[in-house]
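Chemist: My questions will all concern the structure given below.
The numbers here are math on the coordinates, done by the rules we state, and not lab data. Keep in mind the model is a prediction, meaning the values are calculated, not measured. Heads up, the Cβs are rebuilt from the backbone with ideal geometry, glycines too, and the neighbour counts pull from every protein chain shown.
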2 protein chains.
Amino acid sequence: MSFNGKPIKGVLLDITGVLAESSAEGDGQVIFGSVEAVKKLTDKGIQVRFLTNETQRTRRNLMEKLHRLGFSMNETDIFPPALAMSSIALEKNLRPFLLVHENVLPDLAAIPIAENYDSVVIGDAVDEFSYQNLNKAFRVLMASGGPLYTLGKGRFYREDGELTLDVGAFAAALAFAADREAIVCGKPAPNFFATAIKDMGVRAEETLMVGDDIVSDVGGAQACGIKGILVRTGKFQPQDENHPNVTPDKIVNNLAEIADIIVSD
Amino acid sequence: MSFNGKPIKGVLLDITGVLAESSAEGDGQVIFGSVEAVKKLTDKGIQVRFLTNETQRTRRNLMEKLHRLGFSMNETDIFPPALAMSSIALEKNLRPFLLVHENVLPDLAAIPIAENYDSVVIGDAVDEFSYQNLNKAFRVLMASGGPLYTLGKGRFYREDGELTLDVGAFAAALAFAADREAIVCGKPAPNFFATAIKDMGVRAEETLMVGDDIVSDVGGAQACGIKGILVRTGKFQPQDENHPNVTPDKIVNNLAEIADIIVSD
C-alpha cells in the first residue's frame, strides 16, 4: 500500500464529487467504481475517513444517504464542518447568528440559542441565502464587531448538472461588506485535516486526500503535508489541471483509479 | 474660492449621504444645510457635478427626487454609473446579463437585449439579489468566460437608519466564485471621475470631492489627484476617521461646513 514509493496508511475522501454526484432532490448518483474502491482500501487495512464540507445534511443523514448508495461506513468516520464549528462555539462561548441549511441544525444543536448575537456562522444555506437573511447576518457583524465563521469556502459545486454557488461566495460577500476575514471551519482549515488524521492514528506523510476541489481539497491537504489527489469527477474543470497555485500530486479520472494504484503498489 | 490655500473651481458631490439620507420608500430626508450649501457654491461660480453610485434610479428620476427635496440642477449634471456602463457595453459590443434594479433599466436601454449572454453587469438590485438570480449571473460568467462589470463597489449604505449591503458585496461573491476581478463602473473607477472633471472643464487639482464613503468617494478621488473630503453624515462610521489606507484631506460634519470653508477662503 503505497504511492510514489511512500507507504500509505490513511486515506481521506471528499464525498460530493468523489463518491457521488450531488442532486437537489434524492441521493444523487454514485460515481462509477467508487463503492468498490472504498471497499478495496478498507479491505487492505487502510484507514479511511470522509472529510466533507457538506453543510446541507447532518452527519447521520449523510451516512444514511451513503449507505443507500451502497457504501458502508460508521457515522463517526464522517467529518463535517458543523461538528467542528459546534466545538469552537462551545469553547469560545459564542452566541452566533446561524445562516445555515435547516438540515444541518442538529449537528449545531449544542450551540446556545440567543438573540444577543455576537458572531455569525454561515453554511451552504441554499434558498435561505436571501437578500433579507444576508442583510441580517451583515447587521449582526456590524453591530457586534464579532467574527464571521464559514463552514467551508468552496467557490461552487455541480448539482443536477448545473454549477451552483457554494458557501464561499456568500462568505466573501459578508467578509467584504463587514471588512473582516471569514474564519474557515472545514476544508481547507489545517485543524480540520488534523482532527481526521489524529482519529486515524496515522501521520500526515502517510496520508492521501482525494477530492474534486483543487483549492480546498488538494491545496488544503498539501498545506498539511498530506498528498493531494485531484479527480476528474464532480466539479472538476479542465483548467484545474493548470491551476496557478496548486499542483496535485496526481490527477486521476476517478476514485477507482487512485484506489487501484494504492493497493497494487 | 480655495481650500488649504489652493484655488477650487470644481466640486464633485456624492448624493446619498451628502445631499440626502436614503430611504426605501419616498424621497428620503434632505441633510440639514445641504440645499443652501450647493446654492452657495454655484452662486460663487464654482462648477458642481453630482457623482453618484446610485443604481436604483435613472438619472431623470434622481433629478426629479432632488428637485422635490429643494435642489436645482440639470439632469446632465448628474453622473450615475449606468450611463457610463451603457457606453462601455456599446463600445465593446457586449451582450450582458443585467442583474440590476428595474428602475435603472432606462439608463441601460441602449444595450441590446440578447439571450446568448457574454458578460454580466450588476447594480444594486436589492430584492432581486436572490439566490436564484445570483446563480444565474454566476452561470453566465462560467459558461461565457466573460467579464463581470459592477456599477460601484460600495460595501454598504444606510437606509431608514439600518445598514444595508451594497452592490460591492454581491460583486465580491460573484468575483470569488467565478475567479475573476469585478470591473468597476462608477466610483472609485478613475475614468468615472475623469468624465465629470472633463465636463466641468477644470483640472483635477482644482477639484474637490465630498462624500460619505471613505474608500469609493475619498480614496477614489485622491487616486485621481482630486482633494477628498469626508462628511460625518450618511453611512459615515467613527472608525472611518482612522482608516488604514485612506486619509481624507479634511473631515467635516456635513456639506454645509465644507461649502462655507470653500467660499470664505
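Chemist: Using only the Cα atoms of the range B:46-121, build the gyration tensor, take square roots of its eigenvalues as a ≥ b ≥ c, and label the shape rounded, prolate or oblate: rounded if a/c is under 1.5, else prolate if a/b is larger than b/c, else oblate.
Modeler: prolate
Chemist: Where the only charges are on Cβ atoms (+1 Lys, Arg; -1 Asp, Glu), what is the dipole of chain B about its Cα centre, to the nearest 20 debye? Can you show the working numbers first?
Modeler: Values: 26 positive and 36 negative charges, 131 e Å.
Dipole of chain B, to the nearest 20 debye: 620 debye.
Chemist: Let me ask you something else. Taking every Cα atom in the protein assembly as shown, find the radius of gyration and the maximum pairwise distance Dmax, and write them in Å.
Modeler: Both quantities, over Cα of the protein assembly as shown: 26.6, 87 Å.
Chemist: Restricting to DSSP H runs of at least four residues, report the calculated mean residue ellipticity at 222 nm for the protein assembly as shown, -39500 (n - 2.57) per run over all residues, nearest 500 deg cm²/dmol.
Modeler: Mean residue ellipticity at 222 nm (helix-derived): -9500 deg cm²/dmol.
Chemist: If you average 1/r over all unlike Cα pairs in the range B:69-168 and invert the result, what Kirkwood radius do you get in angstrom? Spell out each step's value before the answer.
Modeler: Numbers: mean 1/r = 0.0681 Å⁻¹.
Final number for the Kirkwood radius of the range B:69-168 is 14.7 Å.
Chemist: Assuming R0 = 22 Å, can you tell me the calculated FRET efficiency for the pair B:L90 and B:R60, based on Cβ-Cβ distance, to the nearest 0.05?
Modeler: That gives a FRET efficiency of 0.65.
Chemist: Normalise the Debye intensity by I(0) for chain A, one equal point scatterer per Cα, no solvent, then take log10 at q = 0.11, 0.15, 0.17 Å⁻¹ and round to two decimals.
Modeler: -0.58, -1.06, -1.33
Chemist: Mean Kyte-Doolittle hydropathy of 1.0 or higher plus an axial Cα length of 15 Å or more: which whole DSSP H helices in chain B meet both?
Modeler: Values: long enough: B:81-92 (16 Å, 0.73); B:131-144 (20 Å, -0.06); B:167-178 (16 Å, 2.15); B:190-200 (16 Å, 0.22).
Taking the DSSP H segments of chain B (at least 15 Å long, mean hydropathy at least 1.0), we get B:167-178.
Chemist: Binning at 5 angstrom from zero up to the longest distance, how are the C-alpha pair distances of the range B:159-265 distributed in percent?
Modeler: Taking all Cα pairs of the range B:159-265, the binned fractions are 2, 11, 19, 19, 21, 15, 8, 3, 1, 0, 0 percent.
Chemist: Could you check the spin-label model distance between B:L69 and B:E241? Points 7 Å from the Cα along Cα→Cβ, value in nm.
Modeler: Label at B:L69, label at B:E241, 2.5 nm between them.
Chemist: Also, I was wondering about something else. Measuring from the lowest to the highest alpha carbon on each principal axis, how far does the range B:1-150 reach, largest first, in angstroms?
Modeler: Result, largest extent first: 53, 34, 26 Å.
Chemist: Would you kindly work out, in nm and rounded to one decimal, the distances from the label point of A:T247 to those of the same position in each other copy, ordered shortest first, with label points 7 Å along Cα-to-Cβ?
Modeler: For A:T247, the inter-copy label distances come out at 4.4 nm.
Chemist: Dipole of the range A:132-184, Cα-centred, from +1 at each Lys and Arg C-beta and -1 at each Asp and Glu C-beta, to the nearest 20 debye?
Modeler: Working: 6 positive and 6 negative charges, 46 e Å.
In total the dipole reaches around 220 debye.
Chemist: Evaluate the charge dipole of the protein assembly as shown about its Cα centre and quote only its size in Debye, nearest 20, assuming +1 on the Cβ of each Lys and Arg and -1 on the Cβ of each Asp and Glu.
Modeler: 860 debye
Chemist: A further question on this structure: Grab the alpha carbons of the range A:1-52, take their convex hull, and tell me the volume per residue in Å³.
Modeler: Measuring per residue, one finds 83 Å³ for the Cα hull of the range A:1-52.
Chemist: Right, here's the next one. Below 21 Å, Cα to Cα, which lysines can B:K6 reach? Residues fewer than 8 away in the same chain don't count.
Modeler: Partners found: B:K40, B:K44, B:K198, B:K227, B:K250.
Chemist: If I take every Cα pair under 8 Å that is 6 or more residues apart in chain A, average their sequence separation and divide by the length, what percent do I get for the relative contact order?
Modeler: 23 percent
Chemist: Give me the net charge of A:K65's neighbourhood, meaning all other residues with Cβ under 13 Å from the Cβ of A:K65; Lys, Arg count +1, Asp, Glu -1.
Modeler: -2
Chemist: How large is ³J(HN,Hα) for each residue in the range B:225-238, as worked out from phi by the Karplus curve 6.51 cos²θ - 1.76 cosθ + 1.60 (θ = phi - 60°), to whole Hz, x for Gly and Pro?
Modeler: So the Karplus estimates, Gly and Pro as x, are x, 9, 5, x, 10, 9, 9, 8, 10, x, 8, 3, 10, x Hz.
Chemist: Hey, what did the range A:63-157 get for relative contact order, percent, Cα under 8 Å, at least 6 apart?
Modeler: On the way: 113 pairs, mean separation 24.6, N = 95.
Across the range A:63-157, relative contact order equals 26 percent.
Chemist: Additional query: For a label point 7 Å from the Cα of B:F32 along Cα→C-beta, name the residues of the range B:231-263 whose backbone N is under 20 Å from it.
Modeler: It comes to B:231-238, B:251-262, nothing else.
Chemist: Still on this structure: Rank A:A204, A:A82, A:A171 by mean-square fluctuation in a GNM of chain A with C-alpha springs under 10 angstrom and give only the top-ranked residue.
Modeler: Greatest mean-square fluctuation among the candidates belongs to A:A204.
Chemist: Quote the relative contact order of the range B:1-143 in percent (integer), defining contacts as alpha-carbon pairs under 8 Å separated by 6+ residues.
Modeler: Rounded, it is 19 percent for the range B:1-143.
Chemist: When each copy gets a label point 7 Å from Cα toward the beta-carbon at A:V263, what are the spacings between them in nm, shortest first?
Modeler: Computed spacing set for this position: 8.6 nm.
Chemist: A further question follows. Go through B:T247, B:M63, B:G33 and say which Cα lies farthest out towards the positive end of the charge dipole of chain B; charges sit on Cβ, +1 for Lys and Arg, -1 for Asp and Glu.
Modeler: Result: B:T247, furthest along the dipole toward the positive end.
Chemist: Largest first and in whole Å, what are the equivalent-ellipsoid semi-axes of the range B:129-179 based on the Cα gyration tensor, each being the root of 5 times an eigenvalue? Show your work: numbers first, answer last.
Modeler: Working: eigenvalues 113, 26, 11 Å².
Ellipsoid semi-axes (Å, largest first): 24, 11, 7.
Chemist: Next question, about the same structure. Using a Gaussian network model of chain A with C-alpha springs under 10 Å, which one of A:K187, A:K92, A:K198 is most mobile by mean-square fluctuation?
Modeler: In the Gaussian network model the winner is A:K92.
Chemist: Hey, for A:S87 with labels 7 Å out along Cα-Cβ, what do the inter-copy distances come to in nm, ordered shortest first?
Modeler: List, nearest first: 5.7 nm.
Chemist: Around B:V218, with a cut-off of 12 angstrom between Cβ atoms, what is the net charge of the other residues, counting Lys and Arg +1 and Asp and Glu -1?
Modeler: -4
Chemist: With a cut-off of 20 Å, note down the residues of the range A:4-29 whose backbone N falls inside the zone around a label point 7 Å from the Cα of A:D43 toward its beta carbon.
Modeler: Within reach of a label on A:D43: A:8-13, A:19-20.
Chemist: Which residue fluctuates most in the GNM of chain A (Cα springs below 10 Å): A:D179, A:D127, A:D160?
Modeler: A:D127
Chemist: Can you tell me which aspartates and glutamates have their Cα less than 12 Å from the Cα of A:K92? Leave out same-chain residues fewer than eight positions away.
Modeler: Within the straight-line limit of under 12 Å, A:K92 reaches these aspartates and glutamates: A:D118.
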